[in-house]
């Protein structure tokens, strides 16, 4: 008798637990945890000049101070003083934050480049939830040298820093404090007309004291971005209507490239195109694109791939980013029915439209249609991609999501290549205090010639407190499930993933916290026979200076379901059914982030396929010449000792990177990557000048070369101009 996923014990347990959480959600109070924290915002008493000076126009605004410590401990008021004031006029929301020093010493920043690493910079950031729904919003801020930070917020506390829009800010340094002042146009943020209470919280990171604090208190196990713990921004009068909100973003591009391997001639490229953003309402936006170009996208960071499945690289293209979580975060990290990087990288996008935003406090919508042209080089026909997604907020912070995806080959009648469709629904659970979260997911695909075993059923439940973390996830992906425009690297499996963590907090000494963590990933086929698993037992020590040491023991078992070369270099693959079992010991140390010189060191030694052995060494070095130069080197070394025909194989991956920031509007980046596994050297040199807010001029040079003997494979140089114009 065949045992199907329906009767798997993990799924039954997960379903019961999920419905228990649903019952909890129905009965849970919807009152905000920090509803008593209110900031009353009033219209500006006079003109506001963004110059980093606390002038008379600010003195009549209310102030928010007396921040609470979040890290190292969340049981007291902050030791560093921060004071925030806000006001507005018909066009802008204004904010000024005075961040006082405690003791002597220079500020710690990486550089002047925008969207910096939070933990490595003294910074002030605030979080806006215009619907006070505690699920999504916006984040703005700066580090102590004036580098800007902006992003959209999703899933109750995550920030997508790829989002970019128009706003202005200035940071001014004084002997005893630094001041951040900013103007956020109402056209930049999405909000509902007539809503007079928004969610708000302010966050301060001070590396000299290793202290992170917030205005409305946040438990230390959560980020200060957690929207479940925002206070309230109470408007003295309703926020003004943003009015006509239309932005045109044209671009012009010129480039030259040459492929030395194929010995083709020099290719010249000249293109024009652009985007338009149309605010249909103050919270609903229509994006249009014609002949888009994505040449300003950062080069992907390479990795040594010793995995049997496809790697994931995140989307960075601006057209896909606003409200991108509606599309990109449906499902799980390894079950994404929609993955926008499938679109437009191998075939040109001719045009596209996106309608995204909030209809009201409870409803979000996303509608996308993109048409690509045919590509002979990639043997790809012209295709149309259509996506509809809806999200309905329920209970305190939970939501129900629905998605339809349609991919049609509009220029081909090849059998089996006409279409692929996905229909899915998910229930995302989040308690009002964020201690309990979970998900139930179901997706079905429709493809020519494939019937049965063509759906996904998955879910998880998590409990997260200061002392305990408990997590259980279960997945089923049918062997015929197909996501033609998604990221699903593996099909035909059941998976059970538990996690248990216990933290301890000494009352004194250099150790801030330490704890034991057990994680497992067990995979079974559709008959629920084990195919592979990985279990890790780790001991984690976090010091008061924020350095972290982790010691792990890892147990692996793999039964190959497809032929696989364990070196991933094209050698004879191991046959289907080969069984492998090994253990690994791993140690990692991450240095304190407040030093000018930072580093990460990791070493692992253990078994590998065919009773072989693998030694891995990973290093990351960084040094900053504040605030203008940040140098980083990422490297990894893998040494594989295997029986013939593989023998001994070793790979180096080295990636030095230098960021030079002349100002917070002029950046130079040089990135070189040597990948010994694929025998390639990639060089990327980029200059970006932000001559106006959200308007840029780029010069990008890139090449790929064979290391030995050094031979250039291809080169390209691109010059691009963009301009953001509000009508």
Subject >> Whole-number percent relative contact order across the chain, with pairs defined as alpha carbons under 8 Å at least 6 apart >> reply: 11 percent
Original post:
Between residue 450 and residue 691, what is the FRET efficiency for a Förster distance of 60 Å, r being their Cβ-Cβ separation, to the nearest 0.05?
Top reply: 0.70
Subject >> Structure-derived log10 I(q)/I(0) by the Debye sum over Cα atoms at q = 0.06, 0.08, 0.09, 0.10 Å⁻¹ - corresponding label in [x] -0.49, -0.83, -1.01, -1.18; [y] -0.38, -0.71, -0.93, -1.19; [z] -0.32, -0.59, -0.77, -0.98 >> reply: [y]
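Mind checking the full-extension length gain between residue 177 and residue 50? Use 0.36 nm per residue of separation minus the Cα-Cα distance, one decimal, nm.
Stretched out fully, the residue 177 to residue 50 stretch lengthens by 44.0 nm.
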**OP:** Answer rounded, prolate or oblate for segment 427-522, using the Cα gyration tensor with square roots of eigenvalues a ≥ b ≥ c: rounded when a/c is under 1.5, else prolate when a/b is larger than b/c, else oblate.
**Re:** prolate
Original post:
By count of other Cβ within 10 Å, fewest leading, how are 118, 124, 589 ordered?
Top reply: 589, 118, 124
**OP:** Give the peptides 440-450, 52-62 in descending order of average Cβ contacts within 10 Å, highest first.
**Re:** 440-450, 52-62
Subject >> segment 593-727 - percent relative contact order, Cα under 8 Å, separation 6 or more >> reply: 13 percent
**OP:** Assuming a ≥ b ≥ c are the square roots of the Cα gyration tensor eigenvalues, decide whether segment 619-681 counts as rounded (a/c under 1.5), prolate (otherwise, with a/b larger than b/c) or oblate.
**Re:** prolate
**OP:** First measure r as the distance between the Cβ atoms of residue 392 and residue 589, then evaluate 1/(1 + (r/R0)^6) with R0 = 60 Å and state the FRET efficiency to the nearest 0.05.
**Re:** 0.85
**OP:** State the Cα centre-to-centre distance between segment 246-292 and segment 565-626 in whole Å.
**Re:** 39 Å
Subject >> Spacing of the two label points (7 Å from each Cα toward its C-beta) at residue 502 and residue 721, in nm >> reply: 6.5 nm
Original post:
Does segment 313-463 classify as rounded, prolate or oblate by the C-alpha gyration tensor (a ≥ b ≥ c root eigenvalues; a/c under 1.5 gives rounded; else a/b over b/c gives prolate, otherwise oblate)?
Top reply: prolate
Original post:
How far apart, in nm, are the 7 Å Cα→Cβ label points at residue 266 and residue 628?
Top reply: 3.4 nm
Original post:
In which sequence would 110, 271 go, from the one with the fewest C-beta neighbours within 10 Å to the one with the most?
Top reply: 271, 110
Original post:
What percent do you get for the relative contact order of segment 31-235 when only Cα pairs under 8 Å and 6+ apart count?
Top reply: 29 percent
Original post:
Going 7 Å from the Cα of residue 168 in the Cα-to-Cβ direction, what parts of segment 664-695 have a backbone nitrogen less than 15 Å from that spot?
Top reply: 665, 691-695
Original post:
Order of 281, 264 from fewest to most other C-beta atoms within 10 Å?
Top reply: 264, 281
**OP:** Project the alpha carbons of segment 31-235 onto their principal axes and report the range along each, largest first, in whole Å.
**Re:** 46, 37, 32
**OP:** Between residue 374 and residue 521, with labels modelled 7 Å along Cα→Cβ, what's the label distance in nm to one decimal, could you check?
**Re:** 4.0 nm
Original post:
Which residues in segment 218-258 have a backbone N closer than 16 Å to a point placed 7 Å from the Cα of residue 119 along the Cα-to-Cβ line?
Top reply: 220-225
**OP:** Please report, in whole Å, how far the alpha carbons of segment 77-168 spread along each principal axis, starting with the longest.
**Re:** 41, 28, 27
Original post:
Looking at segment 31-235, what % of its DSSP beta bridges pair antiparallel, to the nearest 5?
Top reply: 90 percent
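What 222 nm value per residue comes from the helices of the chain, counting each DSSP H run with n ≥ 4 as -39,500 (n - 2.57) and dividing by all residues, nearest 500 deg cm²/dmol?
On the way: 3 runs with 27 residues, N = 727.
-1000 deg cm²/dmol, from helical runs alone.
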Subject >> Stretchable slack from residue 361 to residue 333, in nm (0.36 nm times residue separation minus alpha-carbon distance) >> reply: 7.4 nm
**OP:** Would you mind pulling out the separation of the Cα centroids of segment 83-162 and segment 480-503, in Å?
**Re:** 34 Å
Original post:
What FRET efficiency do you get for residue 36 and residue 89 if R0 is 41 Å and r is their Cβ-Cβ distance, rounded to the nearest 0.05?
Top reply: 0.90
Original post:
Kirkwood hydrodynamic radius for segment 148-286: how many Å is it when counted over pairs of different Cα atoms?
Top reply: 19.4 Å
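Bear in mind these aren't lab numbers, they're just calculated from the coordinates by the rules spelled out. This structure is a prediction, so every number in the text was calculated from the model and none was measured. Cβ atoms come from the backbone with ideal geometry, glycine included; neighbour counts cover every protein chain shown.
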